[in-house]
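Working notes for the structure below.
The values are calculated or read from the model by the stated rules, or taken from the named source; none is laboratory data. A quick note: this is a predicted structure, and the numbers were derived from the prediction, not measured. Every residue, glycine among them, receives a Cβ derived from its backbone with ideal geometry; neighbour counts consider all protein chains shown.
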């Protein structure tokens, strides 16, 4: 039986889910070194900064305000200018790790939500239906004590597991903070978790745009490609 089939046995049969236990986390502490046009989180798609597009999607799909994880006070001040106090909330990357993992650990140690939906600040096509569908795959409260799930992730056709369009159990992440080296990335974190349920893209319902939702842009050329192919 596949991991997806095991997971299907433990999800809720009703339309209710644990949105109130999920907090969206946007990882925005990077330097955008490969993006030729400055901070990629501020690059616009349909006249809206990518970061705000992502925040708005997470705000629609969970019952708790999403947070932005930043590395510096300057980043926080820059991003805060895009919204208002009721829209943008922040946490800081932890200083003893690098890259996206610093943001994941910073959020896990600062927030009390049972689950964190972690994504990058460079995912302009993040889709509400994709986020909602992933949340609906969570084990319900009746099975949590019997089936410990540490993360739910998407597996691409290449076999690569996506670490930044992923649901992480907050408690499981906190437990790994002291065991991973400074330079570890989120894929190493996934490999260290005891139970990661991966869902292949071919197993996701066709009406859920998982391929586009997991698309990230690291260069200006990639952003231009996204705008031409998906946002005509």
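Residues that are under 30 Å from residue 48 (Cα atoms) and under 20 Å from the mean Cα position of the chain (by Cα) number at least 1 in the following strands (runs of 3 or more DSSP E) confined to the stretch 141-232: 151-155, 161-169. Restricting attention to the stretch 45-69, the residues that are within 14 Å of residue 118 (Cβ to Cβ) and part of a strand (DSSP E or B) total 3. Scanning the stretch 21-54 for residues that are surrounded by fewer than 18 Cβ atoms within 10 Å (Cβ to Cβ) and free of Cβ contacts under 8 Å to residues at least 40 places away in the same chain gives 31, 33, 38, 44, 47, 48.
For the stretch 102-111, check the following and say yes or no: at least one residue is surrounded by fewer than 21 Cβ atoms within 10 Å (Cβ to Cβ), in contact (Cβ under 8 Å) with a residue 12 or more places away in the chain, touching a strand residue (DSSP E or B) at 6+ places or on another chain (Cβ under 7 Å) and closer than 18 Å to residue 173 by Cα. Yes, there is a match, as at least one residue in the stretch 102-111 is surrounded by fewer than 21 Cβ atoms within 10 Å (Cβ to Cβ), in contact (Cβ under 8 Å) with a residue 12 or more places away in the chain, touching a strand residue (DSSP E or B) at 6+ places or on another chain (Cβ under 7 Å) and closer than 18 Å to residue 173 by Cα.
Residues in the stretch 213-229 that are touching a helix residue (DSSP H, G or I) at 6+ places or on another chain (Cβ under 6 Å) and more than 20 Å from residue 30 (Cα to Cα): how many? Walk me through it before giving the result.
Applying the first criterion (touching a helix residue (DSSP H, G or I) at 6+ places or on another chain (Cβ under 6 Å)) to the stretch 213-229 yields 213, 217.
In the following step, the residues that additionally are more than 20 Å from residue 30 (Cα to Cα) were identified as 213.
Selection size over the stretch 213-229: 1.
State whether the residues of the stretch 75-94 include one that is within 14 Å of the chain's Cα centre (by Cα) and either over 19 Å from residue 215 (Cα atoms) or part of a strand (DSSP E or B) (or both). No, the stretch 75-94 contains no residue that is within 14 Å of the chain's Cα centre (by Cα) and either over 19 Å from residue 215 (Cα atoms) or part of a strand (DSSP E or B) (or both). Answer with yes or no whether residue 194 is surrounded by 14 or more Cβ atoms within 10 Å (Cβ to Cβ) and touching a residue at least 40 places away in the same chain (Cβ under 8 Å). When the stated conditions are applied, residue 194 does not pass them.
How many residues does the stretch 1-44 hold that are part of a strand (DSSP E or B) and at pLDDT below 85? Before the answer, list the steps.
Within the stretch 1-44, the first condition is being part of a strand (DSSP E or B), and the residues that meet it are 11, 22-27, 44.
Those still in the list that are at pLDDT below 85 too: 11.
Final tally of qualifying residues: 1.
Residues that are touching a residue at least 60 places away in the same chain (Cβ under 8 Å), closer than 20 Å to residue 216 by Cβ and in contact with a strand residue (DSSP E or B) (Cβ under 7 Å, 6 or more places away or on another chain) within the stretch 164-188 comprise 164, 167, 168, 186, listed in sequence order.
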